[in-house]
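I have placed the structure first, in the form of structure tokens, so that the comments after it can refer back to it.
The values are calculated or read from the model by the stated rules, or taken from the named source; none is laboratory data. Note that the structure is a prediction, hence the values are computed from the model and not measured. Using ideal geometry, Cβ is built from the backbone for each residue, glycine included, and neighbour counts are taken over all protein chains shown.
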Amino acid sequence: MPNHSQPQPSTPQPQSHSLLQPRKPQPNKPHPGQSLRQTGWALILLSLLILSLHQFEYQLPAWRLDLFGSEPPKADLVLVEKGARRLSLIREGEIDRQWRISLGFDPIGHKQREGDGRTPEGHYILDWRNPDSCCFKSLHVSYPDEADRAAAAARGDDPGGLIMIHGQVNGSGWLGWLTQYRDHTHGCIALRNGPMEVVWRAVDDGTPIEILP
């Protein structure tokens, strides 16, 4: 017997969405050779910068002060506060300028003997200067005085000497931002080269210095 029933309509199959969606653009991957060239140029530029800082480290502080600063007024007193790691230029009883310093590698207490790594304490005079020392310029502190020598002799010690205010060791001035955060001298008072240039100009020979604990 023939089947007279109506045929069932077929259900349309949904089309794949992947065919309808646009393809996402693929990011351009840098060629390995291009990355190497960029890294090489960056290293070359960094090396040139370091070489320039090293080559002209002695001139840069003066150039910067001459071009972008002003001639500092003369100081009446240099005040060093060891505990605060601070050097201040005093003018007419007021602080004119101040900077962070580094001290001897064993800074607590008054200097007793040669090699103890201490920075002296007391009242002294900045009595002479050296523009060509092992560091960026230096001013001499008049330690030891008569009392220091007498105390050391009573102990049978050499009181030491050649205590200076100075900049960074020649050749490492560009690292001053880092070395100033540790006490690394043999008893001297170290500044970054920029501040040392200001102190050099502001402090005449014969200016008193007071070093506090």
Self-check item: Odd one out for A84, checked against (1) surrounded by 14 or more Cβ atoms within 10 Å (Cβ to Cβ); (2) closer than 23 Å to P195 by Cα; (3) free of Cβ contacts under 8 Å to residues at least 40 places away in the same chain; (4) not β-branched (V, I, T)
Solution: (1)
Quiz item: Which residues, taken from the stretch 87-110, are of a type in the set (S, T, Y) and touching a residue at least 24 places away in the same chain (Cβ under 8 Å)?
Solution: S102
Quiz prompt | Exclusive hit being in a loop (DSSP other than H, G, I, E, B), under 14 Å from the mean Cα position of the chain (by Cα) and more than 19 Å from S88 (Cα to Cα), set G171, G109, G160 | solution = G171
Quiz item: Got at least one residue in the stretch 92-102 being closer than 26 Å to A151 by Cβ and surrounded by 15 or more Cβ atoms within 10 Å (Cβ to Cβ)?
Solution: yes
Quiz item: Does the stretch 146-156 contain any residue that is in contact (Cβ under 8 Å) with a residue 24 or more places away in the chain, basic (K, R) and outside any helix (DSSP H, G or I)?
Solution: no
Exercise. Sort out which residues of the stretch 154-186 are at pLDDT below 95 and under 18 Å from E81 (Cβ atoms), and write them in order of number.
Key: Q180, Y181, R182, D183, T185
